[in-house]
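One structure is given here, and the rest of the page talks about it.
The values are calculated or read from the model by the stated rules, or taken from the named source; none is laboratory data. This structure is a prediction, so every number in the text was calculated from the model and none was measured. All Cβ positions, even for glycine, are placed from backbone atoms using ideal geometry, and neighbour counts span all protein chains on display.
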Amino acid sequence: MAERHSMTRLGTIRGAGRAAQEHPGRSAPRWPVTILRVAGAGLLIATGAIHLDLYLTGYRTIPTIGWLFLLQVIAAFGLGLAVLAIPSRLVIASRLAAAAGAGFALATLGGYLLSVWIGLFGFTEVRTTAGIVAGVIEVAAFAVLAALALAPAPAGDAASGAAPATFPARISPAITRAAGMTAAGLAVAALVLFGLVLAGANPAAPAATATGTVLKTTTIGGTTVLTNAKGFTLYSFAPDTPTSSKCYGSCAVYWPPVTGTAAGPGLPGTVTAITRTDGSHQLTYNGHPLYTYIGDTAPGQARGNNLNLNGGLWHEVPAS
């Protein structure tokens, strides 16, 4: 009886061994790859949503930058859906989607840093909460998607012949380690550079800060409008009152208040000043607090006219 029992146990062990050989990939856990896919796709879609909001709230009026923002939105959503939808059994396609998403995130971050640091296509970005959040998300997206692109292929899928055992379906451990260390180094370097650039960036772009700010007039599209000393068009914000501004926070970044206590003579209207919550003095003209617009990159432009952004309508200020 003991001998028969031992043979039965031996047969069971051998049968289990044959099953493991026939299906070597079933025991391999796939949940880490699934987590990376969902996280990577979510981060790409999140950065796309931030860029879409920025595009709709003013960046669409900036030449070149506007349509680049739109392309970023389309690419972010498209790559995010591709990473999420392509199954892991399609090893080559899923790796390429993850690698493309990682490259996109890094390129987008690079474009933002360039626009803050030295300007891009004639436009210099300013430091905003949305930009900081988007930058952090892009670094995280790069790290997650790089890890996904280098993740081991499911053993069961390769054994079944679903994917050839060649690069990029199969990546050797040595290449994986080297690429992983490179990706980690890039992520750390991107974070350091991100912090350094933001530390030196302007949190806002004030139009004028000196006492005795000079206001002038110019003609744009047949209308005589008010400008600052550099010739940039000045705007009014519909929710404002003659004694208070309703534009603070991120609104004041995109629509910098014109500060000062007086203006040059010769204007047909009345120039006064109000006190903002930070103690600075903002000029008003005929009861309208004055602002410039970050989307105007040269004198004589009025891209902010009639825009409905940051909670209300913006209008160029007529001189009369």
Self-check item: Filtered residues of the stretch 212-243 (kept if loosely packed, with under 15 Cβ neighbours inside 10 Å and β-branched (Val, Ile, Thr))
Solution: Thr219, Thr223, Thr224, Thr241, Thr243
Exercise. Might you let me know whether the stretch 252-266 holds any residue that is in a loop (DSSP other than H, G, I, E, B) and either assigned by TED's automatic domain parsing to the domain that holds Leu56 or within 19 Å of Ile65 (Cβ to Cβ) (or both)?
Key: yes
Quiz prompt | helices (runs of 4 or more DSSP H) contained in the stretch 1-114 and holding at least 2 residues hydroxyl-bearing (Ser, Thr, Tyr) and modelled with pLDDT of 85 or more | solution = 31-56
Practice problem: Report whether or not Thr272 is β-branched (Val, Ile, Thr) and either over 21 Å from Ala319 (Cβ atoms) or not in a loop (DSSP other than H, G, I, E, B) (or both). | Solution: yes
Self-check item: Pairs with Cβ under 8 Å, 6+ apart, first in the stretch 180-197 and modelled with pLDDT under 85, second crowded, with 16+ Cβ neighbours inside 10 Å
Solution: Gly180/Ala146; Gly180/Ala147; Gly180/Leu150; Val197/Leu113; Val197/Val116; Val197/Trp117
Practice problem: Just give me the residues in the stretch 273-310 being of a type in the set (Ser, Thr, Tyr) and crowded, with 17+ Cβ neighbours inside 10 Å, in sequence order. | Solution: Thr284, Tyr285, Tyr291, Thr292, Tyr293, Thr297
